[in-house]
Structure formats: structure tokens, C-alpha cells
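*Asks:* Quick one: structure below, then a few questions.
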Amino acid sequence: MKFKFDIKRIIVCFLAVLGMGFFLSFLMLCGLGTDPCSFMNKAISLRIGMLFGTWQLIINAVMLIIVILWDRSSLGFGTVFNMVLVGYYVDFFDWVWSKTIPDHIFTDNLTRWPVFLVALLCFIISAAVYINSDMGVAPYDALPKIITQKVTERFPKFPKMLVRMAWDFSAILVGILAGGIPVVGIILMAIFLGPAISLVGRMFFGKNKKV
């Protein structure tokens with residue numbers, strides 16, 4: 001398990017998670033799409049009438065048990081920060097914006113698109129910094145890595161990217177079944193998150209991290 005007591009990396013990871021929650025709250029209010037995991041969890045939380053943060057913590061805890069049983073190498077401080085904090089940050093900032101920002105900012109196309117694009121860019125950067133801090137990843141991200149490893153052990157030529165694509169598609173499908181409507185943000189996230197993580201890794205961490 002990656003519980004490294006590197007204070008600088010821990011702080012960077014914590015701030016990156018804070019940024020993810022902060023900008024994710026804008027993405028959800030704009031209603032133009034989020035990452036597949038958030039899309040799924042938001043749709044389910046709305047369907048069952050539970051806080052987004054609470055449901056996200058519950059589903060992450062279930063996934064965490066599986067990750068612990070299969071492979072603990074992807075776990076660390078970042079795992080805890082992500083599974084516990086991101087959802088509640090979204091709920092908190094959602095409440096703050098409801099008290100401070102007029103609703104039309106998130107519904108009028110002249111304003112919500114710029115807000116969405118800026119928030120999307122900043123969320124992707126925050127996620128890239130979080131992953132490159134090497135403090136562990138969320139259970140949602142750890143599971144497809146484990147599955148990929150086990151699949152390629154038996155089928156070495158199997159394209160690794162297909163496992164992650166199938167994983168994210170499954171999350172989107174669950175979100176749709178729960179009543180969510182997939183929109184452009186999910187596509188943009190799928191296209192740009194991987195390259196952004198690699199770019200941030202090269203620029204700030206001197207490595208080429210991949211999801």
C-alpha cells in the first residue's frame with residue numbers, strides 16, 4: 001500500500017482532491033457532463049434520495065474491499081482522500097453556489113458553456129496532479145487496472161485500453177439505467193483525461209503516468 005509519508009506529496013494530493021471536488025461541483029451544476037464515475041454516482045444518489053458524497057463513499061468502500069483482496073499496491077493516502085472527500089466537497093460547494101450564484105449562470109447557454117469548459121479544464125488538471133502525486137488512486141480507478149493485469153496475464157495480446165473503456169462504459173450504462181442523461185462532458189473527459197495526466201506527469205513530476 002502506498003502510504004508514503006512524503007508531506008509535500010500528501011499536501012499536493014490533498015489540494016488536488018479539493019480542486020477535483022470544487023470544479024466537479026461546477027460541472028454538475030452546468031449539466032453538460034462529468035466523468036463516468038461521477039455521472040453514475042450522481043444518477044444513483046438522485047434516484048435513491050441520498051447525498052452524492054454519502055453514496056460515493058458507500059460505493060467506494062465496497063470497491064475498496066475488492067481492491068484490498070486482489071491488489072493493495074494501488075492504495076494510499078490519495079485513495080482515502082478521493083473516496084471520502086470528493087463527494088462531500090461537491091455537496092458542500094453545491095450548497096455554497098446555491099446561496100451565492102444565480103441559477104441562470106448554470107442554465108443560460110451564454111454563461112454555462114464558458115463555466116463548463118473552464119471547470120472541465122481545471123478538473124482534468126486537478127485529476128492529473130492527483131494521479132501523478134503517486135499517493136494511490138480511487139477504488140474505481142484501481143479496479144480496472146487489476147482487471148487489466150489479470151486479463152493480460154491470460155491473453156497477452158488483449159488491448160489494455162479496452163478494459164478501461166468497457167469499465168467506463170459500464171459506469172455510464174448504470175448511470176443511464178438510474179435515470180442519468182449522458183452528454184458531451186463525458187466524451188471530452190474520456191478523450192482528454194489520459195493525455196492530460198501524461199502531460200502533467202512530464203511537466204511537474206518528471207514521469208509519464210498513464211491511466
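Throughout, read-outs are computed from the coordinates displayed, never taken from laboratory work. Only a predicted model underlies this, so the values are computations on that prediction, with no experimental measurement involved. Here the Cβ is made from the backbone with ideal geometry for all residues, glycine too, and neighbour counts use every protein chain on show.
*Asks:* Over segment 7-205, calculate the relative contact order: mean separation of alpha carbon pairs under 8 Å at least 6 apart, over the residue count, as a percent.
*Replies:* Details: 257 pairs, mean separation 77.3, N = 199.
In percent, rounded to a whole number, it is 39.
*Asks:* Something else now. Between Rg and the Kirkwood Rh of the chain, both from Cα atoms, what is the Rg to Rh ratio?
*Replies:* Working: Rg = 16.8 Å, Rh = 17.5 Å.
The Rg/Rh ratio comes out at 0.96.
*Asks:* Modelled label-to-label distance, Ala61 and Leu46, 7 Å Cα→beta-carbon offset: nm?
*Replies:* In this crude spin-label approximation the distance works out to 2.5 nm.
*Asks:* With the contact rule set at Cα under 8 Å and sequence spacing of 6 or more, what percent relative contact order holds for segment 1-99? The partial results should precede the final answer.
*Replies:* Working: 82 pairs, mean separation 48.4, N = 99.
Here the relative contact order equals 49 percent.
*Asks:* Let me ask something additional. Skipping prolines and chain starts, which residues have an amide H placed within reach, meaning under 5 Å, of the one on Gly76, given they are 5 or more residues away or on another chain?
*Replies:* Amide H neighbours of Gly76: Lys2, Val137.
*Asks:* Residue-wise, which Karplus ³J(HN,Hα) couplings in Hz belong to segment 127-144, taking 6.51 cos²θ - 1.76 cosθ + 1.60, θ = phi - 60°, and x for glycine or proline?
*Replies:* Once θ is set to phi - 60°, the couplings for segment 127-144 become 5, 5, 5, 4, 5, 6, 5, 6, 10, x, 10, 5, x, 4, 7, 6, 4, x Hz.
*Asks:* Sticking with this structure for a sec: Kindly write out, for segment 58-74 in residue order, the coupling ³J(HN,Hα) from the Karplus curve 6.51 cos²θ - 1.76 cosθ + 1.60 (θ = phi - 60°), rounded to whole Hz, with x marking Gly and Pro.
*Replies:* Calculated HN-Hα couplings, in order: 5, 5, 5, 5, 5, 5, 4, 4, 5, 4, 4, 6, 8, 6, 8, 5, 8 Hz.
*Asks:* If you plug each phi of segment 96-112 into the Karplus form 6.51 cos²θ - 1.76 cosθ + 1.60 with θ = phi - 60°, what whole-Hz ³J(HN,Hα) values come out, in order, with x for Gly and Pro?
*Replies:* Running phi through 6.51 cos²θ - 1.76 cosθ + 1.60 with θ = phi - 60° gives 4, 5, 5, 9, 10, 10, x, 4, 5, 4, 9, 10, 7, 4, 5, 10, 6 Hz.
*Asks:* Applying 1/(1 + (r/R0)^6) with R0 = 35 Å to the Cβ-Cβ distance of Met161 and Trp70, what FRET efficiency is obtained, to the nearest 0.05? Mind showing how you got there, number by number?
*Replies:* Details: r = 20 Å, r/R0 = 0.58.
Computed FRET efficiency for Met161 and Trp70: 0.95.
*Asks:* For Thr111 and Met203, compute 0.36 nm times the residue count separating them, minus their Cα-Cα distance, and round to one decimal in nm. Could you put the intermediate results ahead of the total?
*Replies:* Details: separation 92, 0.36 × 92 = 33.12 nm, distance 3.15 nm.
Additional length available on full extension: 30.0 nm.
*Asks:* Follow-up question, since we're still on this one. Give me the one-decimal nm value for the distance between modelled label points at Ile176 and Ile191, 7 Å along each residue's Cα-to-Cβ direction.
*Replies:* About 1.9 nm, to one decimal.
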